[in-house]
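One structure is given below, encoded as structure tokens.
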Amino acid sequence: MDGRMGASPTPEIFKAYDIRGLYGEQIDGDVAEGIGRAFAHVLAGLAGKPASQLRIGLGRDMRLSAPELSARYREGLLGAGASVIDAGQVGSEMLYFLVGSRELDGGLMCTASHNPKAYTGAKLVREGAIALSGDSGIQDIRRRIEAEGAGAGQDAASEGSERGTLEEVDLFQEFQTAALKFIDPDVVRCAPRPLKVVVDGGNGMAGPVVGPLLESLELELIETYWTPDGNFPDHEPNPLLPENRKLIIERVLETGADLGIAWDGDADRCFFIDETGAFVDGDFLTALLAESLLRKSPGEAILYDVRASRAVPDTVTAAGGTPFINRVGHAFFKTRMRKEGSLFGGEVSGHYYFRDFYCADSGTIPALMVLELLCSEGKSMSQLLAPYHERYFISGEVNSEVSDPLAKIEEIAERYADAEQKRLDGISIDYEDWHFNVRPSNTEPLLRLCLESLRSPQDMARRRDEVLALIRS
């Protein structure tokens, strides 16, 4: 990669939902500054006003490259004439909160989320904390940078505008106060005994973001990897990988804890381990959270993704809500939630969205809600989940490398022509007592299968293997 300012970065860093790449090799300071400048001008086009009138939030995570790259993103934004409100080192949900609560025109979070140490990137949102995506905004940034690198696109706004202004803010107290409003803290504090909870921050942002709230609830906390450290000395900050859950499961079992909670690197997703050491599937947690929210606000719309168990729409309907199925991806969820006025949305991958949190995803609010639910119901996590485990038998996501994903999807459609079929995201095949979704990866030659049987674990395994044989043939 040519490191000169104005050189075009590799197109591969512009993903479906964010910008992500290897630090130094694909994204360096010059690339970051170019992204910041281009982002300001793309936002200006979306907002219908000059970049000099924009107010843009900025945050960074704990990665070793984040201070340098955040400063260069900021330089690009300021150089384009935008005013920057810099929150410093925060979790991604805090950047969304900054944009939503201050009615900013957009925001940029310097993070590579759950990726390994070598990666960096940026999550980008417009007004209302609505995420940019490959379909809307991210590829426009790429094209803008390429045009400027070729000597085009240097309009009066980019060349003649005055430098923007900078404001630095401390969001922690304001954010934590807002998050705590989603529960009744006394329900947790006044439980017959303090809940014993193992927390794993993955050396990411969860410690400073969520830690003070958990301490205020008078829990018995067992902290692991709780201090932000971009070296990730213990494990990668991705709790979806079983190897990264090994220690928290062991700690839950050896301490007799009521619950384990693990966060990803930028702390906008959380994952749960029940008291038996079992991982809590994201679709079952979506159902639990939706039911809890609908008790307080009945009759609302709830979003869930195409991969989810039927436990979600069944639970939502039984609780008096209206379920809506949606494409995978935070950009699609946030936009649809605003369109439908949805109270809540949940993805299998651990993204949970709340209307009263600017339709953004949060890793703090679900943790607080689950703690409140355990105390209010007087049940263990495994007891709360038992009705789902007894009725819904899910495969989890199974990936297969294929040479032509789209052609394989057509084979699946032909093989299961007698089923109800939907093409909302990949292909969904629905029978009365089993169903599955197969969708292509946005970045790799992979097909991702999620399958469910309503009969038995054995039937699920048989159906799963049948579909995998077709995919891999």
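Considering segment 275-288 alone, what residues qualify as being buried (at least 21 other Cβ atoms within 10 Å of the Cβ) and either of a type in the set (D, E, K, R) or under 27 Å from Met109 (Cβ atoms) (or both)? Steps first, answer last, please.
Quick first cut of segment 275-288, residues buried (at least 21 other Cβ atoms within 10 Å of the Cβ) only: 280-288.
Hits for segment 275-288 are Val280, Asp281, Gly282, Asp283, Leu285, Thr286.
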Condition check for Lys379: surrounded by fewer than 19 Cβ atoms within 10 Å (Cβ to Cβ) and basic (Lys, Arg): yes
Unmet requirement for Glu68, which otherwise passes all of (1) surrounded by fewer than 22 Cβ atoms within 10 Å (Cβ to Cβ); (2) in a strand (DSSP E or B): (2)
Given (1) in contact (Cβ under 8 Å) with a residue 40 or more places away in the chain; (2) over 24 Å from the mean Cα position of the chain (by Cα); (3) surrounded by fewer than 24 Cβ atoms within 10 Å (Cβ to Cβ); (4) more than 28 Å from Ala178 (Cα to Cα), number of the condition Gly48 does not satisfy: (1)
Residue that is touching a Lys or Arg at 6+ places or on another chain (Cβ under 6 Å), aliphatic (A, V, I, L, M) and modelled with pLDDT of 95 or more, where the choices are Val187, Val210, Val198, Val169: Val198
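Assess whether Arg63 counts as being in a helix (DSSP H, G or I) and of a type in the set (D, E, K, R). Explain how you work it out, then say what you get.
Working: in a helix (DSSP H, G or I): no; of a type in the set (D, E, K, R): yes.
Considered against the rule, which asks whether it is in a helix (DSSP H, G or I) and of a type in the set (D, E, K, R), Arg63 comes out as no.
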Residue pairs meeting the criteria (Cβ under 9 Å; at least 6 apart or on separate chains; first in contact (Cβ under 8 Å) with a residue 12 or more places away in the chain and in the same structural domain as Pro366 (by TED's automatic domain parsing), in segment 204-230; second of a type in the set (Lys, Arg) and buried (at least 22 other Cβ atoms within 10 Å of the Cβ)): Gly230/Arg63
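Return the only residue of Glu93, Glu75, Glu33, Glu25 being surrounded by fewer than 21 Cβ atoms within 10 Å (Cβ to Cβ) and either at pLDDT below 95 or touching a helix residue (DSSP H, G or I) at 6+ places or on another chain (Cβ under 8 Å) (or both). It would help to see each step written out before you state the result.
Working: Glu93 fails: surrounded by fewer than 21 Cβ atoms within 10 Å (Cβ to Cβ); Glu33 fails: surrounded by fewer than 21 Cβ atoms within 10 Å (Cβ to Cβ); Glu25 fails: either at pLDDT below 95 or touching a helix residue (DSSP H, G or I) at 6+ places or on another chain (Cβ under 8 Å) (or both).
Just a single option satisfies the conditions, and that option is Glu75.
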Any hit, segment 425-437, residues being exposed (fewer than 14 other Cβ atoms within 10 Å of the Cβ) and either under 30 Å from Arg295 (Cβ atoms) or touching a helix residue (DSSP H, G or I) at 6+ places or on another chain (Cβ under 9 Å) (or both): yes
Residue that is surrounded by the most Cβ atoms within 10 Å (Cβ to Cβ) [pool: residues in segment 312-362 that are touching a residue at least 24 places away in the same chain (Cβ under 8 Å) and of a type in the set (Ser, Thr, Tyr)]: Ser362
Verdict on Glu275 being assigned to a loop (DSSP other than H, G, I, E, B) and under 26 Å from Glu452 (Cβ atoms): yes
Checking Leu58 against (1) surrounded by fewer than 23 Cβ atoms within 10 Å (Cβ to Cβ); (2) of a type in the set (A, V, I, L, M, F, W, C); (3) free of Cβ contacts under 8 Å to residues at least 60 places away in the same chain, the condition it does not meet: (1)
Hits in segment 198-214 (condition: touching a Leu at 6+ places or on another chain (Cβ under 7 Å) and closer than 21 Å to Ala178 by Cα): Leu213, Leu214
Tally, over segment 414-432, of residues that are assigned to a loop (DSSP other than H, G, I, E, B) and either without any contact (Cβ under 8 Å) to a residue 24 or more places away in the chain or under 16 Å from Leu470 (Cα atoms) (or both): 8
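Could you please give the count of residues in segment 440-467 that are of a type outside the set (Ser, Thr, Tyr) and over 27 Å from the mean Cα position of the chain (by Cα)? Before you say what the answer is, go through the steps one by one.
Restricting attention to segment 440-467, the residues satisfying the condition of being of a type outside the set (Ser, Thr, Tyr) are 440, 442, 444-452, 454-455, 457-467.
So of that shortlist, the ones also over 27 Å from the mean Cα position of the chain (by Cα) come out as 454-455, 457-463, 465-467.
The number of residues fulfilling the criteria is 12.
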Unique residue being at pLDDT 95 or above, of a type outside the set (A, V, I, L, M, F, W, C) and buried (at least 21 other Cβ atoms within 10 Å of the Cβ) when the list is Ser292, Ser309: Ser309
Those residues of segment 175-198 which are exposed (fewer than 15 other Cβ atoms within 10 Å of the Cβ) and either in a strand (DSSP E or B) or hydrophobic (A, V, I, L, M, F, W, C) (or both), in sequence order: Cys190
Matching residues in segment 281-307 - criterion: being more than 19 Å from Ile183 (Cα to Cα) and in contact (Cβ under 8 Å) with a residue 60 or more places away in the chain: Asp281, Gly282, Asp283, Phe284, Asp305, Val306, Arg307
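Within segment 293-317, which residues are among the hydrophobic types (A, V, I, L, M, F, W, C) and either over 19 Å from the mean Cα position of the chain (by Cα) or not in a helix (DSSP H, G or I) (or both)?
Keep residues of segment 293-317 that are among the hydrophobic types (A, V, I, L, M, F, W, C), which gives 293-294, 301-303, 306, 308, 311-312, 316.
Leu293, Leu294, Ala301, Ile302, Leu303, Val306, Ala308, Ala311, Val316, listed by residue number.
Restricting to segment 96-122, name every residue that is under 11 Å from Gly57 (Cβ atoms) and in contact with a helix residue (DSSP H, G or I) (Cβ under 6 Å, 6 or more places away or on another chain).
Of segment 96-122, the ones under 11 Å from Gly57 (Cβ atoms) are 96-109.
Tyr96, Phe97, Val99, Gly100, Asp105, Gly106, Gly107, Leu108, Met109 - these are the residues of segment 96-122 that are under 11 Å from Gly57 (Cβ atoms) and in contact with a helix residue (DSSP H, G or I) (Cβ under 6 Å, 6 or more places away or on another chain).
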Per-region count, segment 390-413, residues in contact (Cβ under 8 Å) with a residue 12 or more places away in the chain and closer than 30 Å to Leu289 by Cβ: 9
Residue within segment 257-268 that is assigned to a helix (DSSP H, G or I) and either in the same structural domain as Glu347 (by TED's automatic domain parsing) or of a type in the set (A, V, I, L, M, F, W, C) (or both) present: no
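The values are calculated or read from the model by the stated rules, or taken from the named source; none is laboratory data. Given the structure is predicted, the values throughout are model-derived calculations rather than measurements. When we count neighbours, we look across all protein chains shown, and the Cβ atoms used for this are built from the backbone with ideal geometry, even at glycine.
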